[in-house]
Amino acid sequence: MSELGEKYGPWAVIAGGSEGVGACFARRLAGAGIHLLLVARKPGPLEELAAGIRDASGVQVRTLALDLTADGALEQVEKAAADLEVGLLIYNAGSMDRMLEFLDDSREGVLHTISRNVVGPAVLTHHFGRGMRERGRGGILLVSSLAALAGCSRTACYAATKAFDQILAESLWYELRPHGVDVLCLMMGTTHTPAMERLGMAMDDPDNPAMDADVVASEGLENLSNGPTWFAGESNRASAAAIAGLSRREATEMLSAVGDAVLGDA
Ligand SMILES: NC(=O)c1ccc[n+]([C@@H]2O[C@H](COP(=O)([O-])OP(=O)(O)OC[C@H]3O[C@@H](n4cnc5c(N)ncnc54)[C@H](OP(=O)(O)O)[C@@H]3O)[C@@H](O)[C@H]2O)c1
């Protein structure tokens with residue numbers, strides 16, 4: 001059994017485990033002999049990934065095609081895992097899917113982001129974390145973003161939910177440490193994923209090169225016991241250190257300028 005498998009097996013739940021970084025987590029965990037429950041909305045990529053992993057690694061893979069924000073969805077995830085010993089929860093779903101000023105978003109859009117990025121990770125962490133605490137072992141990895149580090153215009157609600165994820169993970173890192181459960185907030189910067197391609201984000205900006213999804217996933221798993229927070233990639237670590245040295249006003253202006261540049265208002 002691999003070290004990852006011993007610490008975080010026998011089953012992992014990946015909320016948002018069909019594409020991009022989520023798919024990379026899945027392949028790497030399967031390679032370590034950990035069985036998987038993968039959750040995502042589109043059945044096509046989900047089933048394709050699951051079949052490939054079963055063939056390549058021989059681990060068991062369950063799939064659940066649902067929208068984590070739908071009524072009763074989180075209960076369905078819990079039900080699908082009711083007979084499993086879940087030693088690892090990764091909450092990856094949650095990327096920025098639009099850029100517009102907060103008041104120009106719909107009420108439904110705002111609530112959807114909060115449901116996916118706040119309610120989802122809080123409820124699933126509460127559920128699966130209890131089993132881990134009882135067993136005295138396990139891991140929880142919540143994916144956040146550099147956008148959590150200060151105010152960001154055009155992504156206000158997204159950035160605020162990612163700050164929630166960071167603080168939740170950091171708090172649980174401290175609470176669960178005496179119980180043998182590792183908690184990590186994985187802070188990502190721009191990363192090459194299908195969702196970012198659909199959004200039309202530039203992946204080849206020399207000032208902000210996109211990271212490879214598998215490198216991000218590998219850094220996250222390697223640093224699961226190195227919490228509470230890990231910034232993926234040298235350049236993101238440098239950006240985070242630079243932002244930490246700014247006043248809140250300067251940091252908010254700097255992160256908001258990213259939206260201005262993307263939307264051509266710079
Ligand atoms: N990519 C970046 O540049 C970047 C930068 C900073 C932080 N991040 C963070 O990295 C994480 C992953 O981002 P991503 O770019 O890969 O995009 P994403 O849209 O979060 O997709 C990741 C996975 O989640 C699933 N998913 C998304 N919404 C879902 C929902 N409502 N219900 C169930 N599954 C859902 C997707 O499959 P389906 O679409 O089929 O549901 C996919 O498998 C996010 O938490 C994001 O905040 C990404």
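Read-outs: derived from the displayed coordinates by stated rules, not from any lab. Worth saying up front: this structure is predicted, and the values here are computed from it rather than measured. Quick reminder, even Gly has a Cβ in these numbers, built from the backbone with ideal geometry, and neighbours come from all protein chains shown.
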Q) Given the convex hull over the Cα atoms of the stretch 3-262, what projected area results after averaging over all orientations, in nm²? A) 13.2 nm²
Q.
Is the C-alpha gyration tensor of the stretch 16-61 telling us rounded, prolate or oblate? Criteria: a/c under 1.5 is rounded; beyond that, a/b larger than b/c is prolate, otherwise oblate.
A. prolate
Q: Go ahead and estimate [θ] at 222 nm for the chain from helices alone: -39,500 (n - 2.57) per DSSP H run with n ≥ 4, summed, over the residue count, rounded to 500.
A: -15000 deg cm²/dmol
Q | the stretch 237-249 - phi-based ³J(HN,Hα) in whole Hz, Karplus 6.51/-1.76/1.60, Gly and Pro as x | A | 5, 5, 4, 5, 5, 5, 5, 4, x, 9, 6, 4, 5
Q | Amide H contacts of Thr229 (H built 1.01 Å from N, under 5 Å, at least 5 apart or other chain) | A | Cys185
**Q.** Whole-angstrom gap from the stretch 223-266 to the stretch 1-72, using each part's C-alpha centre
**A.** 29 Å
Q: Find how many whole Å separate the alpha carbon centroid of the stretch 134-167 from the alpha carbon centroid of the stretch 84-104.
A: 9 Å
Q. Once a ≥ b ≥ c are taken as the square roots of the eigenvalues of the Cα gyration tensor of the stretch 64-141, is the result rounded (a/c under 1.5), prolate (a/b larger than b/c) or oblate (a/b not larger than b/c)?
A. prolate
Q.
Can you list residues from other chains, or at least 5 along the same chain, whose modelled amide H is less than 5 Å from the amide H of Arg62?
A. Leu36, Leu37, Leu38
Q | Likely footprinting exposure, Thr193, Thr229, fewest C-beta neighbours within 10 Å first | A | Thr229, Thr193
**Q.** Rounded, prolate or oblate (a/c below 1.5 giving rounded, otherwise prolate when a/b exceeds b/c) for the stretch 1-86 by Cα gyration tensor
**A.** oblate
Q.
With a cap of 15 neighbouring Cβ atoms within 10 Å, and only residues DSSP puts in a loop, list the trypsin sites (Lys or Arg not before Pro) found in the stretch 85-127.
A. Arg98
Q.
Please compute the modelled spin-label separation between Asn208 and Asp104, points set 7 Å along Cα→Cβ, answer in nm with one decimal.
A. 1.7 nm
Q: Using the Cα centre as the reference, give the magnitude of the dipole from point charges on the C-beta atoms of the stretch 3-262 (Lys, Arg: +1; Asp, Glu: -1; all else neutral), rounded to the nearest 20 debye.
A: 620 debye
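What's the exposure ranking of Ser95, Ser153, Ser18, going from fewest to most Cβ atoms within 10 Å?
Final ranking by Cβ density, sparse to dense: Ser153, Ser95, Ser18.
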